[in-house]
Amino acid sequence: MMKNSLLIKTWLLIIVLIMMGCSREHDSKESRLALMKTTQPAPVKIRDQQERSISEQVKNEVLQNKAIYDAAVIEGDKRILVAYKVKHFYRFKMKRIEKNLQKQLKHHFPKKKFIVSSDYKIFLESVRLKEAISDRTISQKEAKKRFNEIIKLTEELT
């Protein structure tokens, strides 16, 4: 009887250790909470040119929409990614919100190309990229590569 109890405890300890070892991804506090609350990540600019960034203006324009409560903006060389979160009450109107937001941004910034997404995965990846850039844990080249991967992901989801 005592031998069985010891065996069960040993297996339980092994399982717990394996589970702890498998959770190797270390996200920052902001990215872990990005899906649960409003994070308001600062816009990010991934560009070589030193011209004035419009990403802050884009973010302010997006947040003026009453259905949107959080937005992440990443400005690339040719495109600007806008990932946003919709208030729960407006979730049934998400396609219309996305269409109107696309029109609104195109109207205010006619020379820019926008990729707009309300997908949580895109939002989370945008926040992670922003954190990696601000922490300087990623090079400019790698940041551009991850930005393009996020853009491809948005295209797959549509």
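A few notes on this one:
- Given (1) among the aliphatic types (A, V, I, L, M); (2) closer than 14 Å to Val44 by Cβ; (3) touching a Ser or Thr at 6+ places or on another chain (Cβ under 7 Å), index of the condition Val82 fails: (3)
- Criterion violated by Ile80 - all others in (1) part of a loop (DSSP other than H, G, I, E, B); (2) surrounded by 14 or more Cβ atoms within 10 Å (Cβ to Cβ) satisfied: (1)
- Considering residues of the stretch 98-155 that are in a helix (DSSP H, G or I) and of a type in the set (Val, Ile, Thr) only, the residue surrounded by the most Cβ atoms within 10 Å (Cβ to Cβ): Val127
- Conditions (1) surrounded by 12 or more Cβ atoms within 10 Å (Cβ to Cβ); (2) in contact with an Asp or Glu (Cβ under 8 Å, 6 or more places away or on another chain): number failed by Met94: (2)
- The residue of the stretch 54-77 that is modelled with the lowest pLDDT, among those that are within 22 Å of Arg128 (Cβ to Cβ) and open to solvent by 40 Å² or more (accessible area, probe 1.4 Å), is Asp77.
- Residue pairs meeting the criteria (Cβ under 9 Å; at least 6 apart or on separate chains; first touching a residue at least 12 places away in the same chain (Cβ under 8 Å) and over 11 Å from Leu157 (Cα atoms), in the stretch 109-120; second surrounded by 17 or more Cβ atoms within 10 Å (Cβ to Cβ) and polar (S, T, N, Q)): Ile115/Thr154; Val116/Thr154
The values are calculated or read from the model by the stated rules, or taken from the named source; none is laboratory data. Small disclaimer: the values here were computed from a predicted structure and weren't measured. Cβ coordinates were reconstructed from backbone atoms using ideal geometry, including for glycine residues, and neighbour counts include every protein chain displayed. These accessible areas exclude ligands, DNA and RNA; they are computed on the full protein's heavy atoms, side chains included. Shrake-Rupley method; radii C 1.70, N 1.55, O 1.52, S 1.80 Å.
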